[in-house]
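Data block below; observations after.
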Amino acid sequence: MPAEPPAAAAPVAAGGAHTAVVPERRLINDIARQFAHLPAEVAAAAVADHVRRFWDPRMRARLLALADDGGLDPLPAAAAAQLR
């Protein structure tokens, strides 16, 4: 049986401090890019619909917390506003 590849190391910030990767930020930005060709209101509604249909409630809660902290790009932030 082949050996498993080593686990990826946690990202390290300047000064050597480990930073937490927030998967919801990466995911919502990836989803938003898929709808970026649409008018802003339509794109935000499509992203919000995707999150409603496919994301676990805990993931949605973490997304809304990111939105509260101002940690989202404009399209994901508009989608998060529609989830409230």
| query | Within the stretch 32-42, which residues are surrounded by fewer than 19 Cβ atoms within 10 Å (Cβ to Cβ) and aliphatic (A, V, I, L, M)? | reply | 36, 38, 40, 42
| task | Can you work out which of the residues in the stretch 1-22 that are open to solvent by less than 60 Å² (accessible area, probe 1.4 Å) and either at positive phi or within 14 Å of the chain's Cα centre (by Cα) (or both) is modelled with the lowest pLDDT? | result | 16
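The values are calculated or read from the model by the stated rules, or taken from the named source; none is laboratory data. Because the structure is a prediction, the values reported are computed rather than measured. In this analysis, Cβ positions are derived from the backbone assuming ideal geometry, glycine residues included, and neighbour counts consider all displayed protein chains. Protein only, heavy atoms only, side chains kept; ligands, DNA and RNA dropped before computing areas. Shrake-Rupley method; radii C 1.70, N 1.55, O 1.52, S 1.80 Å.
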